[in-house]
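I have placed the structure first, in the form of structure tokens, so that the comments after it can refer back to it.
The values are calculated or read from the model by the stated rules, or taken from the named source; none is laboratory data. In this text, all values refer to a predicted model and were calculated from it rather than measured experimentally. No Cβ is skipped: glycine too gets one built from the backbone with ideal geometry, and neighbour counts run over all protein chains shown.
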Amino acid sequence: MKERLEQLKQEALTEIDQVNDIQALTAVKVKYLGKKGPITEVLRGMANVSAEERPLIGKLVNEIREEIERGLNLKETAIKNKALEEKLEKETIDVTLPGKPISQGNRHPLSKVIEEIEDIFIGMGFEVAEGPEVESDYYNFEALNLPKEHPARDMQDSFYITEEILMRTHTSPVQVRTMLNKKGNVPVKIICPGKVYRRDDDDATHSHQFIQIEGLVVDENITMTDLKGVLLNFAKKMYGDHAKIRLRPSFFPFTEPSAEVDVSCMMCGGDGCRTCKNTGWIEILGSGMVHPKVLEMAGYDPERYSGFAFGMGVERIAMLKYGIDDIRHFYTNDLRFLDQFKRV
Ligand code: 2NL
């Protein structure tokens, strides 16, 4: 019996030695230590062993069982360690590899131009005022001396929400609201940037929604000279110290007199080129002295106060600045277009 036990132990240890995975090892464990295994068998055969020998055999069985168990445990640890090592080997991370670049965004070119223009006027003592994009017919038209029969009030030209409410067609209503809030106090010295809406078919130079910046100064003794001085300073800050401006007579219902303002061509310096159509001048804004009726409706006595106002389209300014040929580029959000302004 002793020999049989020794032989079982050797067999078991040899088999343990040969297996390489956990399932096979479990099978060996079941085979030798399981209920139907040879060791259990030996224990059953103890009935035939003499009383003196029984404790010795019992002890031997326990020793062998322990040795097989030790062998199983060692092998299990070895298999698990090997698997772990393989896994670690496979999942090695090279921390010296360069990372995936994260593409960085940047401010929209129109936002940049708006801020540039705001900064120039803030430098001249202006404040920035904002107001609603959904306006009443009164603030958008009536208070700006646009009579009911005026073609600009045609339902076809504006986005009306009701008969009395529409998407603002310019930022002038913000200026009207600001004057009314100031209740006749001076000076009024504001610029109003914001989105405006016109019912137009979009093409390379027209957009049904665009950005306008308007400016307004109201005080005693404001003259057309103040208008010229402020706008010349703006042109020099925007396009360089060599920039010149000229005023041409024009018409707006809310200003009298009115003038279009041209700046010496920023492409050719006034010599004449494609951009200025060989005139040397480029139109950048409309302006004028605030109409007495507009002052009066906004709570300012036109006998005592006067003012000037101007308005410009930001897209046009930005297109001239960067040489952009289609206004729709600003609104299609093609990253190939937008990414070009990372550097400017
Ligand atoms: C243009 C011309 C202009 C104004 C806007 C204005 C506002 C008030 C009173 C009088 Cl509250 N005038 N704004 C004046 C002249 C021209 O805009 O071509 N805009 C794109």
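Tell me which residues, restricted to segment 145-172, are over 25 Å from ASP201 (Cβ atoms) and within 16 Å of the ligand (Cβ to nearest atom). Write out each step before concluding.
Keep residues of segment 145-172 that are over 25 Å from ASP201 (Cβ atoms), which gives 145, 147-148, 164.
If the condition is that a residue be over 25 Å from ASP201 (Cβ atoms) and within 16 Å of the ligand (Cβ to nearest atom), then ASN145, PRO147 are the ones that fit.
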Practice item. Using the structure shown, decide if THR225 is under 19 Å from SER258 (Cα atoms), modelled with pLDDT of 95 or more and either surrounded by fewer than 12 Cβ atoms within 10 Å (Cβ to Cβ) or not assigned by TED's automatic domain parsing to the domain that holds VAL290 (or both). Key: yes
**Study point:** Every residue from segment 119-163 that is of a type in the set (D, E, K, R) and within 26 Å of PHE251 (Cα to Cα)
**Key:** GLU130, GLU133, GLU135, ASP137, GLU142, LYS148, GLU149, ARG153, ASP154, ASP157
Exercise for review: Specify which of the listed residues (LEU227, LEU232) is farther than 17 Å from VAL294 by Cα, of a type outside the set (Gly, Ala, Ser) and touching a Gly at 6+ places or on another chain (Cβ under 9 Å).
Suggested key: LEU227
Check your understanding: Limited to segment 1-40, what total is found for residues that are under 18 Å from ALA78 (Cβ atoms), in contact (Cβ under 8 Å) with a residue 40 or more places away in the chain, surrounded by 15 or more Cβ atoms within 10 Å (Cβ to Cβ) and charged (D, E, K, R)?
Key -> 1
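Quick one: which residue in PHE330, PHE254, PHE337, PHE308 is in the same structural domain as MET124 (by TED's automatic domain parsing), farther than 30 Å from ASN181 by Cα and in contact with a Leu (Cβ under 8 Å, 6 or more places away or on another chain)?
Working: PHE254 fails: farther than 30 Å from ASN181 by Cα; PHE337 fails: in contact with a Leu (Cβ under 8 Å, 6 or more places away or on another chain); PHE308 fails: farther than 30 Å from ASN181 by Cα.
Among PHE330, PHE254, PHE337, PHE308, only PHE330 is in the same structural domain as MET124 (by TED's automatic domain parsing), farther than 30 Å from ASN181 by Cα and in contact with a Leu (Cβ under 8 Å, 6 or more places away or on another chain).
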Review point. Just wondering, is there one or more residues in segment 311-322 that are in a strand (DSSP E or B) and β-branched (Val, Ile, Thr)?
Key: no
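Taking the conditions exactly as written (modelled with pLDDT of 95 or more, over 39 Å from the mean Cα position of the chain (by Cα) and either surrounded by fewer than 20 Cβ atoms within 10 Å (Cβ to Cβ) or within 16 Å of the ligand (Cβ to nearest atom) (or both)), does SER258 satisfy them or not? Walk me through how you get there before you give the answer.
Numbers: modelled with pLDDT of 95 or more: yes; over 39 Å from the mean Cα position of the chain (by Cα): yes; either surrounded by fewer than 20 Cβ atoms within 10 Å (Cβ to Cβ) or within 16 Å of the ligand (Cβ to nearest atom) (or both): yes.
Taking the combined requirement at face value, the residue satisfies it.
Identify all residues within segment 75-108 that are in a helix (DSSP H, G or I) and hydroxyl-bearing (Ser, Thr, Tyr); write none if there are none.
So the first thing to find is which residues in segment 75-108 are in a helix (DSSP H, G or I), and the list is 75-90.
Of everything in segment 75-108, just one residue is in a helix (DSSP H, G or I) and hydroxyl-bearing (Ser, Thr, Tyr), namely THR77.
Listed here are the residues, each with its yes/no results for (1) in the same structural domain as MET124 (by TED's automatic domain parsing); (2) crowded, with 19+ Cβ neighbours inside 10 Å; (3) not hydrophobic (A, V, I, L, M, F, W, C).
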| position | (1), (2), (3) |
| --- | --- |
| ASN185 | yes, no, yes |
| ARG198 | yes, no, yes |
| GLY215 | yes, yes, yes |
| PHE234 | yes, yes, no |
| LYS244 | yes, no, yes |
| ASP262 | yes, yes, yes |
| MET267 | yes, no, no |
| CYS273 | yes, no, no |
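Quick one: would you say GLY307 is at pLDDT below 95 and either part of a strand (DSSP E or B) or touching a His at 6+ places or on another chain (Cβ under 9 Å) (or both)?
Details: at pLDDT below 95: no; either part of a strand (DSSP E or B) or touching a His at 6+ places or on another chain (Cβ under 9 Å) (or both): yes.
The answer is no for GLY307.
Which of the residues spanning segment 173-229 are of a type in the set (D, E, K, R), assigned to a strand (DSSP E or B) and within 12 Å of the ligand (Cβ to nearest atom)?
Of the residues in segment 173-229, the ones of a type in the set (D, E, K, R) are 177, 182-183, 189, 195, 198-203, 214, 219-220, 226, 228.
Next, from what is left, pick out any that are assigned to a strand (DSSP E or B): 189, 195, 214, 219.
Matches in segment 173-229: GLU214 only.
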Practice item. Could you grab me the full set of residues in segment 170-196 that are under 30 Å from the mean Cα position of the chain (by Cα) and small (Gly, Ala, Ser)? Key: SER172, GLY194
